[in-house]
Amino acid sequence: MKTVFKQIENGKAAALNAIPHIAFDEFAQEAISIVRDGGKVVQYFAYKNGDSVNLMAVLRIDKVLLAAGCQAPKTYSAFFSSM
């Protein structure tokens with residue numbers, strides 16, 4: 001599967017600057033696509049970054065871990081409200 005999410009190693013630290021930081025819409029679309037194709041959500045969280053809030057997701061396809069982040073908009077709909 002081709003994705004902008006980056007493969008990371010299980011059990012090893014990943015530098016924050018090595019994780020792709022993409023636009024929110026792309027982040028949401030990619031995460032939804034991976035999960036719809038059978039991927040699992042391992043971690044999904046928000047963290048403060050200066051005056052903004054960022055989102056980070058770690059997803060799993062089989063034994064492959066994928067990670068990406070984005071700046072959170074002020075408001076957004078639930079990712080899977082239409083599933």
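Among the residues of the range 55-68, those that are surrounded by fewer than 16 Cβ atoms within 10 Å (Cβ to Cβ) and either within 11 Å of the chain's Cα centre (by Cα) or farther than 15 Å from Arg36 by Cα (or both) comprise Lys63, Val64. Within the set Ile8, Ile34, Ile22, the sole residue that is farther than 11 Å from Ala57 by Cα, surrounded by 11 or more Cβ atoms within 10 Å (Cβ to Cβ) and touching an Asp or Glu at 6+ places or on another chain (Cβ under 8 Å) turns out to be Ile22. Taken together, the residues in the range 38-54 that are over 14 Å from the mean Cα position of the chain (by Cα) and under 19 Å from Ala13 (Cβ atoms) amount to 1. Among residues belonging to the range 33-47 that are touching a Leu at 6+ places or on another chain (Cβ under 9 Å) and of a type outside the set (Val, Ile, Thr), point out the one that is farthest from Phe79 (Cα to Cα). Restricting to residues being touching a Leu at 6+ places or on another chain (Cβ under 9 Å) and of a type outside the set (Val, Ile, Thr), the top hit is Tyr47. On the stretch given as the range 55-74, residues that are assigned to a strand (DSSP E or B) and under 19 Å from Gly11 (Cβ atoms) total 10. Look at the range 51-68: where a residue is over 12 Å from Phe24 (Cβ atoms) and a partner is among the basic types (Lys, Arg), sitting 6+ places away or on another chain with Cβ atoms under 7 Å, you get Leu59/Lys40; Arg60/Lys40; Leu66/Lys6; Ala67/Lys6. Taken together, the criteria place Lys12 among residues that are assigned to a loop (DSSP other than H, G, I, E, B) and free of Cβ contacts under 8 Å to residues at least 12 places away in the same chain.
A single member of Gln43, Gln71 is farther than 14 Å from Val4 by Cα, surrounded by 14 or more Cβ atoms within 10 Å (Cβ to Cβ) and touching a strand residue (DSSP E or B) at 6+ places or on another chain (Cβ under 9 Å), and it is Gln71.
Readers should treat all values here as calculations from the given coordinates under stated rules, not as data from a laboratory. Fair warning: this is a prediction, and the values are worked out from it, not measured in the lab. Cβ atoms come from the backbone with ideal geometry, glycine included; neighbour counts cover every protein chain shown.
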